[in-house]
Amino acid sequence: MRIRSVTLDNVRRFTDRVSVGPIGDGVTLLCEPNEAGKSTLFDALHALFFLRHGSQTAEVKALRPHSGGKVAVECEIEHEGARWRIRKEWLSGASAKVWRDGVLAHQGDAAEDWISALVAGEAGGPGGLLWVRQGRVSLKAPEKKREADQEFEERRDLLTAISGAMEQVTGGERMDRARDRVVEDLLRLQTPSGRPRTGGRWADAEADVTRLEGEASELERTVADLRDALDRRRRLRSELASLEEPEAVEQRRSDLAEAERALREAEGLAGEVSAAETRAKLARQTAENAKAEAARNARLRKEAGDAAQAHAEAEAENERLAAASADAASVHRAARDRVATLKAGRAEAEAILRRVAHREAAERAETERARLSDIIGRAEEAERERIAARAAAKKGPDKATVDRIEKLVSALAAKEALREAAAPRVTARYQSGAPHMTMGGEPLAEGETRAVPDDGRITVPGIGTLDIAGAEESRAADVAEAREALDEALAEGGWDDPAALHEAGRARAAAERAAELAEQRRDALAPEGIDALRERLAGLGEVRDAAADEALPDRDTAEAALEKSVEALGRAEAAEIRASEMAQTAALRATKAAAAEENARTRLTMARADISDLPDVEPVEQAGRLSVLETEAAEAEAVHVRLAEAAPDIDQLRAHHARLKGVADNAATEAARTRTEIAGLDARIELRGEEGVEEALEEIRGRLAAAHDTLERVVFEKDMLVRLRDALDTAQKAARKTYFAPVARELGPLLAELWDDAELTWSDDTLLPSALVRKGTSEPIDVLSGGTQEQIAFLVRLAFARLLAKAGRHAPLILDDALVYSDDDRIEKMFDALHGAAGDLQILVLSCRQRAFRDLGAPTLSFQPGEGA
């Protein structure tokens, strides 16, 4: 198939009918600016060959212009020696028609079927290698799995189509169909990740096995529970017979009665032992109390003697310290009076010194008042000078006015110079004795050259006059215009001429300078402003009264008197502090002594009260009484020991009785519980026996064995399909070089255009180039620069197109904005490769790079108004 022309009618920006063509063989270029419609042309061709006329997809709707209406695309092609015209219309009045040599051959679905067979036969396509959309120039697979799988199938079909030896090596298309059938059958059983597919035979078989295993496990648990119940009932019946045996029951009763009798006897003996223990404790307590009473009486009598002696000593010490405290208080009062007298003297000396300081401050204020008055006067004078200078400066021209008038003076001078330069000149030459000529009333000397800028008249004595036309009228007008502008500018300021202007300007500059100097003097005298100086002058206070200060001493005398007073006061205050401390210490000691005397008196009183009621007992009599009480206590303790040793261990007897009673109670309780549990087991065993669980278990086990057999057969089938698929893949991978050999042969000369000794390696998984090998070094495609990847993709497509052509299947190679990353040197080599590989191919290049593709050297196309449909 070869495309000869394309016509668009109401497609996007082309609301009017446009055509591109005729398109010849070899390389043809459509190079237009961005948004000229190149991608629209590509999308329209894609829709014509790959989208059915009844389609309402977003891809079709995207072709409709904003104004609406139906979309129509038409293409003329050559195929199998005939001229064909294909036309499709979408949306409003959708249709598809195919004409052969001007005769309608197919329409509607028949036309669509013919177009599909045509495109499939050429092994091209939007996701293939020969139709390349803008932005998809690389060979990278799409990220979406569905698109990647579709492109993989198209590449495989393309490789199969161009590999002549593939049929003999791997079965070719039959091998592809066989593998597809294996994969299809395998996918019915499992997911792509190898897990059982929901609803498939493998998943169903596993589900049956799992379900039956669960049912068998449940029945096995039921059978085991029934057997456990029978065993449990047998054991319980044996235990119940043992518990209810008459001899064992009678033995437990007899043992419990004997234990109760022994416990009662032991409790009676325990009462006697307890009474003896109480008597012994009472006798021992009586003896101990008598001893304690005798010791207390002796301690109280000794305390009374000690208290009397301590009181006498405390009374004497109190009298001595009270006298010392009175003496210290008298000394402190005298020191305090001395301090008060000296403080009054210091206050008088301080008052005199303050009056002296006030007098000195008044004197300094008078001096500062005179200084500030002088500064204020000079600052005010400077301010008056500044105001006068500023007023004088305003009368003269400013710099902008001077600059403007100087420009007018320069313009006038320039125009006068031009007029002078263009004016005619006369030179006087006289014969001997001839009278001199005059011009403007002035004689012309021999050899004198004089310019005539304006009209002039030369008077020739004895002959007449000679009138001379001066400069060109235009130049004279320019001079007059410039002079008029200058005069107007001078008149605005009242200046007679530029000299007067400059004099006025100098006077203004001098006045501005004088104003600046006056302002600087004012700011130097009053940095914070004249008002601030006036405020300081007003704040200096009233004028000093000299008469009031005549009786005051000078500062040194006043300071010396104050210093002497302060020193005397300091010494007196130190003495007062020492006297105060001594008085406080003496008073504290006297207070403590008085408190000690009071404590001693209280102690004596309490001790005498404690011994006032004590009996008057002789020591010998008291010792005999204590001995008798000690003997009685020892005898009572001996009786208690004898009874305690003879009594049995009552705690042991109580524990023995409790154990035997527990044995009897537990036996009765256990017998009742056992009878209840046996009744429950009888009911369970009877119910399970009626359900026939053992027969049901045997049935489920048979069905489970059949399910396992089914699962094994399905898994075996799945494993065989996996092995067959892997074997087919291994065979295809082993023969993959046969796939790539034709492409490699075609690519060799094309790669040599860019790199010496270069070749491509191919991926078995994607059927795409995986690495570029240059001088023995392999570089993965992904790490190459964008330009290099683009160039490789371009050359690979050229190779596929040449192989298809050699196989008799001519497919146009259409490239939209290819080679966008190639540098100037590489792009020229790519152009050479394009022309060298073209041969009998048809290659249509769409680009916006007008300057870069100028060197392609191919016939160019453009959008032309189309004829009526």
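The values are calculated or read from the model by the stated rules, or taken from the named source; none is laboratory data. Since the structure is predicted, the reported quantities are computational estimates derived from the model, not experimental observations. Because the Cβ atoms are built from the backbone with ideal geometry, glycine has one as well, and the counts that use them run over all protein chains shown. Please note that ligands, DNA and RNA were not included when accessible areas were found on the heavy atoms of the full protein model with its side chains. Shrake-Rupley method; radii C 1.70, N 1.55, O 1.52, S 1.80 Å.
Out of all the residues in the stretch 239-258, is one or more modelled with pLDDT of 80 or more, open to solvent by 70 Å² or more (accessible area, probe 1.4 Å) and among the hydroxyl-bearing types (S, T, Y)?
Within the stretch 239-258, none of the residues are modelled with pLDDT of 80 or more, open to solvent by 70 Å² or more (accessible area, probe 1.4 Å) and among the hydroxyl-bearing types (S, T, Y).
Does E416 fit the bill of being farther than 30 Å from E516 by Cβ and in contact (Cβ under 8 Å) with a residue 40 or more places away in the chain?
Here the answer is yes, as E416 does meet what is asked.
Let me spell it out: the conditions are (1) surrounded by 14 or more Cβ atoms within 10 Å (Cβ to Cβ); (2) more than 30 Å from R359 (Cα to Cα); (3) among the acidic types (D, E), and E559 meets all of them except one. Which number is the exception?
It fails just one condition, (2).
What number of residues in the stretch 57-106 are in contact with a strand residue (DSSP E or B) (Cβ under 9 Å, 6 or more places away or on another chain) and either within 21 Å of R2 (Cα to Cα) or open to solvent by less than 40 Å² (accessible area, probe 1.4 Å) (or both)? If you could, list the steps in order and put the result at the bottom.
First, pick out the residues of the stretch 57-106 that are in contact with a strand residue (DSSP E or B) (Cβ under 9 Å, 6 or more places away or on another chain): 60-61, 63-65, 70-79, 82-92, 94-102, 104-106.
Pick out the ones that are also either within 21 Å of R2 (Cα to Cα) or open to solvent by less than 40 Å² (accessible area, probe 1.4 Å) (or both) and you get 60, 63, 65, 71-79, 82-91, 95-102, 104-106.
Residues meeting the conditions: 33.
Based on this model, can you work out whether A347 counts as open to solvent by 40 Å² or more (accessible area, probe 1.4 Å), in a helix (DSSP H, G or I), under 30 Å from T557 (Cα atoms) and at pLDDT below 80?
No.
Restricted to the stretch 759-780, and to residues that are crowded, with 17+ Cβ neighbours inside 10 Å and among the hydrophobic types (A, V, I, L, M, F, W, C), which residue is modelled with the lowest pLDDT?
Only one residue fits best here, namely L767.
Those residues that are part of a loop (DSSP other than H, G, I, E, B) and over 18 Å from K88 (Cα atoms), I need them from the stretch 14-37; list them, please.
G21, P22, I23, G24, D25, E32, P33, N34, E35, A36, G37
Tell me, which residue of the stretch 1-41 that is of a type in the set (S, T, Y) and surrounded by 16 or more Cβ atoms within 10 Å (Cβ to Cβ) is modelled with the lowest pLDDT? So that I can check it myself, show each step before the final result.
Filtering the stretch 1-41 for residues of a type in the set (S, T, Y) gives 5, 7, 15, 19, 28, 39-40.
Cutting the leftovers down to surrounded by 16 or more Cβ atoms within 10 Å (Cβ to Cβ) gives us 5, 7, 19, 28, 39-40.
Details: S5: 89, T7: 91, S19: 90, T28: 78, S39: 81, T40: 85.
Among those residues, the one meeting the criterion is T28.
Determine which single condition R359 fails, assuming it passes every other condition in (1) modelled with pLDDT under 80; (2) open to solvent by 90 Å² or more (accessible area, probe 1.4 Å).
That leaves (2) as the condition not met.
Here are some residues: R355, R338, R371. Which one is of a type in the set (K, R), under 30 Å from P553 (Cα atoms) and out of contact with any helix residue (DSSP H, G or I) (no Cβ under 9 Å at 6 or more places or on another chain)?
Of the residues listed, the single one that is of a type in the set (K, R), under 30 Å from P553 (Cα atoms) and out of contact with any helix residue (DSSP H, G or I) (no Cβ under 9 Å at 6 or more places or on another chain) is R371.
One line per residue, one yes/no per condition, for (1) open to solvent by 60 Å² or more (accessible area, probe 1.4 Å); (2) at pLDDT below 80:
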position	(1), (2)
T401	no, no
P424	no, yes
P435	yes, no
E442	yes, no
A445	no, no
I458	no, no
T465	yes, no
E492	yes, no
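Let's see how each residue does on (1) open to solvent by 30 Å² or more (accessible area, probe 1.4 Å); (2) touching a residue at least 24 places away in the same chain (Cβ under 8 Å); (3) in contact with a Ser or Thr (Cβ under 6 Å, 6 or more places away or on another chain):
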| site | (1), (2), (3) |
| --- | --- |
| E267 | yes, yes, no |
| V273 | no, yes, no |
| N289 | yes, no, no |
| A295 | yes, no, no |
| A298 | yes, no, no |
| E303 | yes, yes, no |
| L321 | no, yes, no |
| A326 | yes, no, no |
| R333 | yes, no, no |
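Looking at the stretch 78-115, which of the residues that are of a type in the set (V, I, T) and at pLDDT 90 or above is farthest from L48 (Cα to Cα)?
Among them, the one singled out is V103.
Taking the condition of a type outside the set (S, T, N, Q), at pLDDT 75 or above and closer than 30 Å to T40 by Cα, does I814 pass?
Against the criterion (of a type outside the set (S, T, N, Q), at pLDDT 75 or above and closer than 30 Å to T40 by Cα), I814 qualifies.
What pairs come out if I take residues in the stretch 346-371 that are under 28 Å from R534 (Cα atoms) and among the aliphatic types (A, V, I, L, M) and pair them with residues that are open to solvent by 60 Å² or more (accessible area, probe 1.4 Å) and outside any helix (DSSP H, G or I) whose C-beta lies under 6 Å away, six or more apart or interchain?
Correct list of pairs: A362/R544.
Starting from residues that are open to solvent by 80 Å² or more (accessible area, probe 1.4 Å) and over 30 Å from E712 (Cα atoms), keep the ones in the stretch 206-238 and report whichever is farthest from the chain's Cα centre (by Cα).
R237
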